[in-house]
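S.K.: Below: one structure in structure tokens.
The values are calculated or read from the model by the stated rules, or taken from the named source; none is laboratory data. Remember, predicted model here, so these are calculated numbers, not experimental data. No Cβ is skipped: glycine too gets one built from the backbone with ideal geometry, and neighbour counts run over all protein chains shown. Please note that ligands, DNA and RNA were not included when accessible areas were found on the heavy atoms of the full protein model with its side chains. Shrake-Rupley method; radii C 1.70, N 1.55, O 1.52, S 1.80 Å.
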Protein chains: 2
Amino acid sequence: MPLHPILIAGQWRPSQATGSFRIDNPATGETLPDEFPISAWADCDTALNAAAAAAVALRTTPLEKIAHFLTRFAERIEARKVELVDMAHAESGLPKAPRLGDVELPRTTGQLRQAAAAVLEGSWALPTIDTKLDIRSTLAPIGPVLVFGPNNFPFAFNSVSGGDFAAAIATGNPVIAKSNTSHPGVTRLLAEEAFAAVGEAGLPPATVQLIYRTSHADGERLVSDPRVGATGYTGSRGAGLKLKAAADAAGKPIYLELSSVNPVVMLPGALTERGAKLAEEFTGSCLMGTGQFCTSPSIVVLFASAEAEQFVSTVKARLEAAPVAPLLSSSVARSLAASVETLRAAGAEILTGGTVVRTPGSRYANTLLRVSGDGFLAAPEKLQTEAFGNASLMVVVKDVDQAVQVISHFEGNLTGCVYSDTKGSDDALYARLEPLLRERVGRLLNDKMPTGVAVSSAMNHGGPYPSTGHPGFTAVGIPASLRRFAALQCYDNVRAARLPVSLRNQNPNGKMWRLVDGQWSQANIGA
Amino acid sequence: MPLHPILIAGQWRPSQATGSFRIDNPATGETLPDEFPISAWADCDTALNAAAAAAVALRTTPLEKIAHFLTRFAERIEARKVELVDMAHAESGLPKAPRLGDVELPRTTGQLRQAAAAVLEGSWALPTIDTKLDIRSTLAPIGPVLVFGPNNFPFAFNSVSGGDFAAAIATGNPVIAKSNTSHPGVTRLLAEEAFAAVGEAGLPPATVQLIYRTSHADGERLVSDPRVGATGYTGSRGAGLKLKAAADAAGKPIYLELSSVNPVVMLPGALTERGAKLAEEFTGSCLMGTGQFCTSPSIVVLFASAEAEQFVSTVKARLEAAPVAPLLSSSVARSLAASVETLRAAGAEILTGGTVVRTPGSRYANTLLRVSGDGFLAAPEKLQTEAFGNASLMVVVKDVDQAVQVISHFEGNLTGCVYSDTKGSDDALYARLEPLLRERVGRLLNDKMPTGVAVSSAMNHGGPYPSTGHPGFTAVGIPASLRRFAALQCYDNVRAARLPVSLRNQNPNGKMWRLVDGQWSQANIGA
């Protein structure tokens, strides 16, 4: 089969390829027929030039066209749903239903539509007007955005249809998408729909571009290129930190969503009150997507007790009874095996699993590990190794002081959960532990597993380093996620007719919230 | 005279000093009597531990106390005005009046009071509530903030009283201030008042700490220390980028305000209409503070014409007629001489000045340089060397296309100005050039010099790299400057009584603006 073309500079064209790759169906182990190019720098250079020109054109493109693009893209995804779900299933091994077709695809199109609404409404940009001094400012497009999507959500975090893509486009920037290597086929189909929608909406053709793969060196060169505005990256910590170093050295913003072990603290009263239910809830969360969620609960803190032993044994039994689902790729399976071995070597006991499941495809046994609080504190860094996949570690602490110690050693995480009883017996313990956990996580949950990441205005899918590169930003949620891809632009004494419409006295659509002399308002100024 | 003590861990105490320093009065050249310690790492380590503990204590400190501190500090600065102004004058050579006493000191106390109001009102944190999903988020303190203040504003940007300080404290963080080496005495006096106000307000004693000087290596160690939340730095590009590299590698946010040449574009119609007035306006702006403003207009783009020649010769005459004021230090004078030499070597002609003025103190002749558009384009990087002080470069372009070329080569700057005529003859040119300048500056001005940086809600004292480290943030202006020192914290399904008061259904003060289900509101929820 010939190499698939790439989408750069407004057309599908052959790559200046230095090589090619194919991928396996991780559920069956069979190699898929499509062959994709590994781009030379020449492809990146062409894409960067086209993106820079598109960025300029987009600044004077009516917002209605950008919103129309996002809406039409969502509709086109829905129209091609069967093919997209089939391809995503073949490439990722994720179930067609409910996961891909009924959950992830609607989430993706819903997010694109929310982004379209945000474009039309305009409040995301925090337009701010000081009428007395005639100083006005707004967030504005930052320039071409590179998106590196992760392996675990072929639609909702795809570099050409996911949260970073939607945010970057809604902010008025063109996107250069670097396909995740695990699902080039679904990325190709999505890019076809995006490009068709670009044409329908009359956006600059290079608003959406797609490259499948580059060398690592070219990846670092991309994120630090002067033509780039910013980068969104979701993936492994190792690759992410290399890109961060390159972008930082060039003064280019990069937003990272990296690994996270998402600690869950089960307070004693909760286990006494509803331990069996919590074991069920936890097992469901940690097997969701075969544990391949950024927010998968991979560490549980339990207080030594009969109820804790019961919880552990129930979870173990449930994991053993559950089917072993495929992982996203053979490389995920290898990493998981290596991580479990790191945890074991650092002192964790394997209660169940810990072995590769030979057939078919890429599978690893549902795995539960355990370590005492003393054991955890002897190797806290190694025991926070992310085991991306269906493995979790129980940390059984002997008392409150040890829980304090354990939590105080947690790195930055996307989420942290505390389960407590409903009668108040855990309240004092909650008050002592919550502040420690709060400072170490982006999203704190009560009595709820972290795996669901709603596209909500109040969501934070972010957290302290090293779960991300900056604790002030979220990768999910509108309007906040849009603000990552914007620069603050101020107008001082600029004549009225020369102002962007969002900063003129007349509210451009009657709906935009603007901070006028310190008060949020949807009104015209001087009206 | 004995070494001055430092302020760490809640007391003025002797430094673990590795050396000491004194400074000269830059207006007279005489060495001032006070002697200040250069701290060893032990001082930094003590300060970091104390700051970490203070950060925890501040999280449960009532906002009223933080606001009271800011207000009392402002009052105490005013009460000690005479001594502060005398000391600042002696250390900086800046005039006591109007500059220090009538402009900068009131700006400083006004900013502290604005910060106090922001603390009490609370909207700066963008509290966001999704009532349907019960997800709530807010910006929250990021942790101990290091502040490195610049040499050019001994009050308003001082590390212990300026914009970064006020923003970091208002956000709920303790500050470790590193004095600028050029004004340790005024920093000491301000820290005395801050510390007294800390006591009066009942804040944790280590909320404000002061170290005068460290080795460069310890500075880099400070910004990357795990106990630090973030850093604010205003100063030279060289030192700033070294700190940035250290902070970036550790995943620690750092906000930089670096060099900027603040280009001014004089369109032909403006010069024809009011050239003499513009020459006066420009000369006043570029001599303000002896040209030592971050926003000093150091490059002017002129279109070749008789009016441009007239402008240049008027500016030259005005500069020659103006007194030569002292620079902030002998080191500023040396840097300025070196920068002017760099500009000259790169092809600029010195029209006037270009020489050290021998007595008294640290002075450099008011300097005007000139280069053609062709000359500029032959060495655009070197010709954008910041000559911090009383020197400016005229770039005379031959036509519009060359103006486009010149502006397209501008680096990121804090400000950019366009002067145009009032009758519309420059409008077409404005439309062509403004988009190019807009993308390269944080604040765009019309018919106004950039040196005034109002503390306005709409101000952007920031800009694209390398004028800062990130184009999305401003160092001046409330509320936006506060958001630099904050982390996004989300609460998902957290029980009502456990939420921070700003995220509960009841609006905590009836004034706080919160984004509730997509609409900004000051109301209670469910009311």
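S.K.: If I fit a long axis through the Cα atoms of helix B:41-59 and take the longest principal axis of the Cα atoms of chain B, what angle between them do I get, 0 to 90°, rounded to 10?
M.R.: 60
S.K.: Follow-up question, since we're still on this one. By accessible area of protein heavy atoms, probe 1.4 Å, what ranking do B:H68, B:H461 get, highest first?
M.R.: Sorted by accessible area, descending: B:H68, B:H461.
S.K.: Just counting partner chain Cβ atoms within 10 Å, what average do the residues of peptide B:431-441 show around their Cβ? Mind showing how you got there, number by number?
M.R.: Details: counts 1, 0, 0, 2, 3, 1, 0, 7, 10, 0, 2.
What the average comes to for B:431-441 is 2.
S.K.: Okay, moving on. With a 10 Å radius around each residue's Cβ, average the other Cβ atoms per peptide and rank B:232-239, A:255-262, B:75-82, highest first.
M.R.: Details: B:232-239: 20.0, A:255-262: 26.5, B:75-82: 15.4.
Most protected by this proxy first, the peptides run A:255-262, B:232-239, B:75-82.
S.K.: Then there's this: Along the positive direction of the dipole of the range B:363-465 (beta-carbon charges: Lys, Arg +1; Asp, Glu -1; about the Cα centre), which of B:V406, B:L368, B:N390 reaches farthest?
M.R.: In the range B:363-465, that residue is B:N390.
S.K.: With +1 assigned to the C-beta of every Lys and Arg and -1 to the C-beta of every Asp and Glu, and no other charges, what is the dipole magnitude of the range A:59-180 about the Cα centre in debye, to the nearest 20?
M.R.: Working: 13 positive and 12 negative charges, 24 e Å.
For the range A:59-180, the charge dipole is close to 120 debye.
S.K.: Now for a separate question. Which net charge results for the neighbourhood of A:N49, defined as the other residues with beta-carbon distances under 12 angstrom from its beta-carbon, given Lys and Arg at +1 and Asp and Glu at -1? Can you show the working numbers first?
M.R.: Numbers: positive: A:R227; negative: A:D43, A:D45, A:D225.
Once all neighbours under 12 Å are counted, the net charge is -2.
S.K.: List the distances, in nm to one decimal, from the label point of A:A523 to the label points of the same position in every other copy, shortest first, placing each label point 7 Å from Cα along the Cα-to-Cβ direction.
M.R.: Here the equivalent label points are 1.7 nm apart from this one.
S.K.: Right, another one. Take every Cα pair under 8 Å in the range B:13-79 that's 6+ residues apart, average their separations, divide by the length, and report that relative contact order as a whole percent. Walk me through the intermediate numbers first.
M.R.: Working: 41 pairs, mean separation 17.0, N = 67.
Worked out over the range B:13-79, it gives 25 percent.
S.K.: Taking a point 7 Å out from Cα toward Cβ as the label site, list the nm distances between B:A497 and the same residue in every other copy, smallest first.
M.R.: Output for B:A497: 6.3 nm, nearest copy listed first.
S.K.: Looking at the square roots a ≥ b ≥ c of the eigenvalues of the Cα gyration tensor of the range B:1-112, which shape do they give, rounded for a/c under 1.5, prolate if a/b is larger than b/c, or oblate?
M.R.: oblate
S.K.: Compare B:T60, A:T231 by solvent-accessible area with a 1.4 Å probe and give them largest first, with all protein chains kept in place. It would help to have the intermediate numbers written out before the result.
M.R.: On the way: B:T60 120, A:T231 0 Å².
I get B:T60, A:T231, largest accessible area first.
S.K.: Nearest-5 percent of antiparallel DSSP beta bridges in chain B? Write out the running numbers ahead of the final one.
M.R.: Values: 28 of 68 bridges.
Antiparallel bridges make up about 40 percent of those DSSP assigns within chain B.
S.K.: Please compute the per residue accessible area over the protein assembly as shown with all protein chains in place, 1.4 Å probe, rounded to a whole number of Å².
M.R.: Working: 34580 Å² over 1054 residues.
Here the per-residue accessible area is 33 Å².
S.K.: What is the calculated FRET efficiency for A:N49 to A:E320, with r their C-beta to C-beta distance and R₀ = 60 Å, to the nearest 0.05? Please list the in-between numbers first.
M.R.: Details: r = 56 Å, r/R0 = 0.93.
Computed FRET efficiency for A:N49 and A:E320 comes out at 0.60.
S.K.: Ok, one more. Per-residue accessible area for B:F195 at 1.4 Å probe radius, Å² rounded to 10?
M.R.: 50
S.K.: Now for a separate question. Restricting to DSSP H runs of at least four residues, report the calculated mean residue ellipticity at 222 nm for chain B, -39500 (n - 2.57) per run over all residues, nearest 500 deg cm²/dmol. Present the calculation step by step, with values, prior to reporting the outcome.
M.R.: Values: 14 runs with 191 residues, N = 527.
Roughly -11500 deg cm²/dmol at 222 nm, from the helical runs in chain B.
S.K.: With the crude spin-label approximation of a point 7 Å out along Cα→Cβ, what separation in nm comes out for A:A428 versus B:T342?
M.R.: Result: 6.4 nm between the two label points.
S.K.: Can I ask one more? Could you work out how far helix A:184-201 tilts from the main Cα principal axis of chain A, as a 0 to 90 degree angle to the nearest 10?
M.R.: Taking Cα atoms only, the helix is inclined about 30 degrees.
S.K.: For A:A391, what is the net charge nearby, where nearby means another residue's Cβ is under 15 Å from its Cβ and Lys, Arg count +1, Asp, Glu -1?
M.R.: Counting the neighbours of A:A391, the net charge comes to +3.
S.K.: Anything over 28 Å Cα to Cα? Flag those among B:K398/B:K448; A:K398/A:K423; B:K178/B:K382; A:K132/B:K242, in the order listed. The partial results should precede the final answer.
M.R.: Working: B:K398/B:K448 24 Å; A:K398/A:K423 23 Å; B:K178/B:K382 31 Å; A:K132/B:K242 39 Å.
Listed pairs above 28 Å: B:K178/B:K382; A:K132/B:K242.
S.K.: Still on this structure: If you count only protein heavy atoms and use a 1.4 Å probe, how large is the accessible surface of A:M288, to the nearest 10 Å²?
M.R.: About 80 Å², rounded to the nearest 10.
S.K.: Sticking with this one: Which value, in Å² rounded to 10, gives the accessible area of A:D374 with a 1.4 Å probe and all protein chains present?
M.R.: A:D374 exposes around 90 Å² with every protein chain in place.
S.K.: Still on this structure: Between B:T131 and A:D517, what FRET efficiency comes out of the Förster formula 1/(1 + (r/R0)^6) with R0 = 25 Å and r the beta carbon distance, rounded to 0.05? Don't skip to the answer; put the middle values down first.
M.R.: Values: r = 28 Å, r/R0 = 1.13.
Using R0 = 25 Å, I get an efficiency of 0.35.
S.K.: Only bridges with both residues in the protein assembly as shown count here: give the DSSP antiparallel percent, nearest 5.
M.R.: Numbers: 56 of 143 bridges.
Antiparallel bridges make up about 40 percent of those DSSP assigns within the protein assembly as shown.
S.K.: Taking a label point 7 Å out from Cα toward Cβ, give me the nm distances from A:T272 to the same spot in the other copies, shortest first, one decimal.
M.R.: Relative to the other copies, A:T272 has label-point distances of 8.9 nm.
S.K.: Between B:A276 and A:R498, how many nm apart are label points set 7 Å from Cα along the C-beta direction?
M.R.: 2.5
S.K.: Moving to a separate point now. Extending each Cα 7 Å along its Cβ direction at A:I525 and B:K81, get the distance between those two points in nm, one decimal.
M.R.: 3.1
S.K.: Using θ = phi - 60° and the Karplus curve 6.51 cos²θ - 1.76 cosθ + 1.60, what whole-Hz ³J(HN,Hα) does each residue of the range A:276-284 get, with Gly and Pro shown as x?
M.R.: Per residue, the Karplus-derived 3J(HN,Hα) values read 5, 5, 5, 5, 5, 4, 5, 4, x Hz.
S.K.: In whole percent, what relative contact order does chain B give with Cα contacts below 8 Å and a gap of six or more residues? Walk me through the numbers before you get to the answer.
M.R.: Numbers: 1201 pairs, mean separation 90.8, N = 527.
Averaging sequence separation for qualifying contacts and normalising by length gives 17 percent for chain B.
S.K.: Around B:A497, what is the net charge, scoring Lys/Arg as +1 and Asp/Glu as -1 over all other residues with Cβ under 11 Å from its Cβ?
M.R.: Numbers: positive: B:R495, B:R498, B:R504; negative: A:D427.
Neighbour charge sum, excluding B:A497 itself: +2.
S.K.: Express the relative contact order of the range A:29-132 as a whole percentage, based on alpha carbon pairs under 8 Å and six or more residues apart in sequence. The partial results should precede the final answer.
M.R.: Working: 43 pairs, mean separation 33.3, N = 104.
Value for the range A:29-132: 32 percent.
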